[in-house]
Amino acid sequence: MCGICGYIGVNGAATKSVIEALHDLEHRGYDSAGLSRVCEGKVETYKISIEEKPDFTASDLADTIPDFHKPCKMALGHNRWRTFGGINKINTHPHYDNDRLFYLVHNGNVENLKDVEKEIGIWKRYSETDTEAIVNLIAKYYKQGSSFSEAVKRTINFIDGANVIVVFKADEPEYFISANKGGPIILAKGKDFSLLVSDPAPLEKFNITSKAPLESGNIAVVDASGWKVESSRNDNESKKRKKKNSKNNYKHFMLKEIMEQAETFANAFRGRLIHEAGTAKLGGLESLSAVKNVSGMNFSREIRRINRFHFVACGTAYNAGLYAKLLLNRFGIQAEVHIANEFCYSHPVFDPRDAFILISQSGETADTIEVMNEIKIKGNVYLGILNVPDSRIWRETDAGIGIRAGTERGVASTKAFTSQLACIVLLAVFLARQRNMTIDTGQKILFELEKLPTKIEESLKSTRKISAIARKYLEYDNFYFLGRYFNLITAMEGSLKFKEISYKHSEAYPLGEMKHGPLALIDQNFPSFVIIPDDSVFNKSLVNVYEIKGREGKVIALTNKSKEKELKKQVDDLIIFPETLDFLSPILSVVPLQLLAYYTSIAKGINPDKPRNLAKTVTVS
Ligand code: M6R
């Protein structure tokens, strides 16, 4: 959560550069935004929040800056996703200490705030944030005689939790310092400037000649010519304690990303299909042969020895994990799925020959990282299905599969989900071909996979129809999303998307489970979206549709053309999506539900790119 950036350059372009970076970091937090710049030796701070301008952008922040183009060498910027304290200008970063010597932006949560406040001693608060305590602790250590960088090190070691800070000293504006303890930070350099960002999204806008992540446990002193990194570990203290990125012609990133899916889905399998052998080539996994308990030997033979696969993820990525479990099981391979944030408490049972596969779009999700750290201790192999190169999980997993979806900016994940499913199909075919799947079956699946981009295109043509359905059901507050077998996953993902950006209550259920309780809620005011394609469970699902209709429930059915006639008279509305193999069906059935969520949000006047209470990358656990 929270987007942070810093710029220092002899070209004087700090203000403009930080504003541009903040634009591309909006998905990380949009409760408020702020910037501190140093111009001709003087610090100026500007802030904006949704309290004064709902739906503000970085351009609105820029508008508050008088003399915008004045040459300034350094600036820090921040997009806030609040934890400590309400949404207002006062709580907006950058924060400064009581003497206004240090200015700081922060991403994370101080988990021992009371101890930090005690350590500072006597000081005066102006905000409700943990950040203000951090900057005052730096000031305290500095006053005690520590150098600036020593004070930063002592502070980052004192505070608990995953935190990243960037701070400058008003009377030494030739450099700023960043400390990383468990968050994402990238350092980048151009001809006459250095840049720091918490997410790679803004980098495309700059003429970058080199870049490097700032690893957790390190601090960087950054000036216009580059940076110097050193370990922040201080044993005593720690023991104490461009284009692609723009919306093009779409109004929202979410719609742009939904519409890109035919292309991003095809990217996920391009160059990875071996038709003649009916299997997939997953180059990223091949490095696995070089690691720990599967070392040496031939890659295929080593992966063959893995007993069971455990998929771990959160949110949409977790729904992809559910799909992975079902698909691997379908092909006779043992698989489990775990919600990352439950994993460490729930005593999961696994054996040393089991492999873990972390699924994450951002590769920075704190809950998933916690599981990764736990697995490291256990010594199992851990792999990733990931989108963002150089993200924390990407760097630390033993091997992985890149989903190649490109930057995803919409807080509601869409194209990453379908690309995750594509890679899961490749993985499942690869593993199953090592086991019992015949070459013929493998080839049929690959053949169908290649047809899906065109079928996704077809699904995307239903925007008008879906937007009409969104408006028709706008008056209802409660919805079920129902499906069986593979399309239960679509129901879950559809429901998550719907509640996330429309703020309407929705629940996903296995269709056959309705009669065991949930049916009690059905009446004329409780519509159900039922995913009921032409597959082996169609007849069973149809009985459940009758059960809902028999209780005056409204049903919007998502089905295939072949079942249109049969269902037309039974249900209130129909959405048609193209036919495919039953286990590939979620890749197509989820598309109309992404559109439904989008258009419902639009009809309610919500900005789907900035759903309340959420952020794109959840870096707190
Ligand atoms: O970056 P990750 O894939 O690890 O993120 C996991 C979830 O936070 C994410 O999928 C979230 O549920 C989305 N907002 C759903 O649209």
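In region 149-185, what residues are open to solvent by less than 10 Å² (accessible area, probe 1.4 Å), of a type in the set (A, V, I, L, M) and more than 28 Å from the chain's Cα centre (by Cα)?
The answer is Ala151, Val152.
Just the residues that are within 20 Å of Asp582 (Cα to Cα) and not charged (D, E, K, R), please, taken from region 538-555. Don't jump to the end; show me each part of the working.
Our first condition is that a residue be within 20 Å of Asp582 (Cα to Cα); within region 538-555, this holds for 538-545.
If the condition is that a residue be within 20 Å of Asp582 (Cα to Cα) and not charged (D, E, K, R), then Phe538, Asn539, Ser541, Leu542, Val543, Asn544, Val545 are the ones that fit.
Only one of Tyr480, Tyr476 is assigned to a loop (DSSP other than H, G, I, E, B), over 22 Å from Glu263 (Cβ atoms) and either of a type in the set (D, E, K, R) or at pLDDT 95 or above (or both). Can you tell me which? It would help to see each step written out before you state the result.
On the way: Tyr480 fails: assigned to a loop (DSSP other than H, G, I, E, B).
One residue alone meets the criteria, Tyr476.
Of a type outside the set (Lys, Arg), farther than 24 Å from Leu431 by Cα and within 21 Å of the chain's Cα centre (by Cα): is that true of Ala324 in this structure? Can you show your working first?
Values: of a type outside the set (Lys, Arg): yes; farther than 24 Å from Leu431 by Cα: no; within 21 Å of the chain's Cα centre (by Cα): yes.
No.
Sort out for me the helices (runs of 4 or more DSSP H) sitting completely within region 223-277 that have 2 or more residues that are modelled with pLDDT of 95 or more.
Working: elements: 235-240, 253-259, 261-269.
So the answer is 253-259, 261-269.
Among the residues of region 318-372, count how many are among the hydrophobic types (A, V, I, L, M, F, W, C), more than 21 Å from Asn107 (Cβ to Cβ), in a helix (DSSP H, G or I) and within 11 Å of the ligand (Cβ to nearest atom).
So the answer is 1.
Counting just the residues of region 390-428 that are under 13 Å from the mean Cα position of the chain (by Cα) and farther than 22 Å from Asp609 by Cβ, which one comes out farthest from the ligand (Cβ to nearest atom)?
Looking at residues that are under 13 Å from the mean Cα position of the chain (by Cα) and farther than 22 Å from Asp609 by Cβ, I get Arg392.
Which residues, counting only those in region 524-537, are more than 29 Å from Thr580 (Cα to Cα) and either at pLDDT below 95 or among the aromatic types (Phe, Trp, Tyr) (or both)? Full working, then the answer.
The initial filter retains those residues of region 524-537 that are more than 29 Å from Thr580 (Cα to Cα), namely 524-526.
If the condition is that a residue be more than 29 Å from Thr580 (Cα to Cα) and either at pLDDT below 95 or among the aromatic types (Phe, Trp, Tyr) (or both), then Phe526 is the only one that fits.
Name the residue that is modelled with the lowest pLDDT, counting only residues in region 307-318 that are of a type outside the set (Gly, Ala, Ser) and open to solvent by 10 Å² or more (accessible area, probe 1.4 Å). First the steps, then the outcome.
First pass over region 307-318, keeping only residues of a type outside the set (Gly, Ala, Ser): 307-312, 314, 316, 318.
Still in the running and open to solvent by 10 Å² or more (accessible area, probe 1.4 Å): 307-308, 314, 316, 318.
Numbers: Asn307: 89, Arg308: 95, Cys314: 97, Thr316: 98, Tyr318: 98.
My answer is Asn307.
Test Ser506 against the stated conditions and say whether it is among the hydroxyl-bearing types (Ser, Thr, Tyr), within 16 Å of the ligand (Cβ to nearest atom) and modelled with pLDDT of 95 or more.
On the way: among the hydroxyl-bearing types (Ser, Thr, Tyr): yes; within 16 Å of the ligand (Cβ to nearest atom): yes; modelled with pLDDT of 95 or more: yes.
For Ser506, the condition - among the hydroxyl-bearing types (Ser, Thr, Tyr), within 16 Å of the ligand (Cβ to nearest atom) and modelled with pLDDT of 95 or more - is met.
Tell me whether region 350-371 contains one or more residues that are open to solvent by 20 Å² or more (accessible area, probe 1.4 Å) and of a type in the set (A, V, I, L, M).
no
Of everything in region 477-501, what is open to solvent by 10 Å² or more (accessible area, probe 1.4 Å) and among the hydrophobic types (A, V, I, L, M, F, W, C)? Give them in sequence order.
Scanning region 477-501 gives Leu488, Met492, Leu496.
Please give the number of the condition Ile501 fails out of (1) under 22 Å from Lys568 (Cα atoms); (2) among the β-branched types (Val, Ile, Thr); (3) within 16 Å of the ligand (Cβ to nearest atom).
The number of the failed condition is (1).
Take the residues in region 568-621 that are of a type in the set (A, V, I, L, M, F, W, C), within 15 Å of the ligand (Cβ to nearest atom) and assigned to a loop (DSSP other than H, G, I, E, B), then tell me which one is farthest from Lys497 (Cα to Cα).
We begin by selecting, within region 568-621, every residue of a type in the set (A, V, I, L, M, F, W, C); these are 571, 574-577, 581, 583-584, 587-588, 590-591, 593, 595-597, 602-603, 606, 614-615, 618, 620.
With within 15 Å of the ligand (Cβ to nearest atom) added as a condition, the list becomes 590-591, 593, 595-597, 606, 614-615, 618, 620.
Checking the rest, the ones that are also assigned to a loop (DSSP other than H, G, I, E, B) come to 606, 614-615, 618, 620.
On the way: Ile606: 14, Leu614: 12, Ala615: 14, Val618: 16, Val620: 21 Å.
Ranking the qualifying residues of region 568-621, first place goes to Val620.
Looking at Gln594 and the list (1) open to solvent by less than 10 Å² (accessible area, probe 1.4 Å); (2) more than 33 Å from the chain's Cα centre (by Cα); (3) polar (S, T, N, Q), which single condition is not satisfied?
All conditions pass for Gln594, except number (2).
Got a number for residues in region 375-389 being surrounded by fewer than 18 Cβ atoms within 10 Å (Cβ to Cβ) and either aliphatic (A, V, I, L, M) or within 16 Å of the ligand (Cβ to nearest atom) (or both)?
Filtering region 375-389 for residues surrounded by fewer than 18 Cβ atoms within 10 Å (Cβ to Cβ) gives 376-379, 389.
Pick out the ones that are also either aliphatic (A, V, I, L, M) or within 16 Å of the ligand (Cβ to nearest atom) (or both) and you get 377, 389.
Total satisfying the criteria: 2.
Would you confirm whether any residue within region 159-169 is among the basic types (Lys, Arg) and modelled with pLDDT of 95 or more?
We begin by selecting, within region 159-169, every residue among the basic types (Lys, Arg); these are 169.
Next, only the ones that are modelled with pLDDT of 95 or more stay: 169.
Yes: region 159-169 contains one or more residues that are among the basic types (Lys, Arg) and modelled with pLDDT of 95 or more.
Are there any pairs, at least 6 apart or on different chains, whose C-beta atoms fall under 6 Å, with the first in region 448-465 and over 15 Å from Pro586 (Cα atoms) and the second hydrophobic (A, V, I, L, M, F, W, C) and open to solvent by 20 Å² or more (accessible area, probe 1.4 Å), and if so, which?
Here the result reads none, with nothing in region 448-465 linked to a residue that is hydrophobic (A, V, I, L, M, F, W, C) and open to solvent by 20 Å² or more (accessible area, probe 1.4 Å).
Filter region 514-532 for residues that are open to solvent by less than 10 Å² (accessible area, probe 1.4 Å) and not aromatic (Phe, Trp, Tyr); which is farthest from Ile575 (Cα to Cα)?
Kept after step one, since they are open to solvent by less than 10 Å² (accessible area, probe 1.4 Å), are these residues of region 514-532: 514, 527-532.
If we keep only those that are not aromatic (Phe, Trp, Tyr) too, we end up with 514, 527-528, 530-532.
Working: Met514: 22, Pro527: 15, Ser528: 13, Val530: 10, Ile531: 9, Ile532: 10 Å.
Per the stated criteria, the residue is Met514.
Evaluate region 109-119: report whether one residue or more is touching a Ser or Thr at 6+ places or on another chain (Cβ under 9 Å), closer than 25 Å to Asn613 by Cβ and buried (at least 17 other Cβ atoms within 10 Å of the Cβ).
yes
Out of (1) more than 30 Å from Val197 (Cβ to Cβ); (2) within 22 Å of the chain's Cα centre (by Cα), the odd one out for Lys563 is which?
In the conditions (1) more than 30 Å from Val197 (Cβ to Cβ); (2) within 22 Å of the chain's Cα centre (by Cα), Lys563 misses (2) alone.
For a quick check of your reading of the model, give me the residue pairs whose first member lies in region 306-327 and is of a type in the set (D, E, K, R), whose second is within 16 Å of the ligand (Cβ to nearest atom) and assigned to a strand (DSSP E or B), with beta-carbon atoms closer than 6 Å and at least 6 apart or on different chains.
Lys325/Val337
The values are calculated or read from the model by the stated rules, or taken from the named source; none is laboratory data. In this text, all values refer to a predicted model and were calculated from it rather than measured experimentally. Virtual Cβ from ideal backbone geometry, glycine too; neighbours counted across all protein chains shown. Ligands, DNA and RNA are stripped out before the accessible areas are found, and what is left, the full protein with its side chains, is counted by its heavy atoms. Shrake-Rupley method; radii C 1.70, N 1.55, O 1.52, S 1.80 Å.
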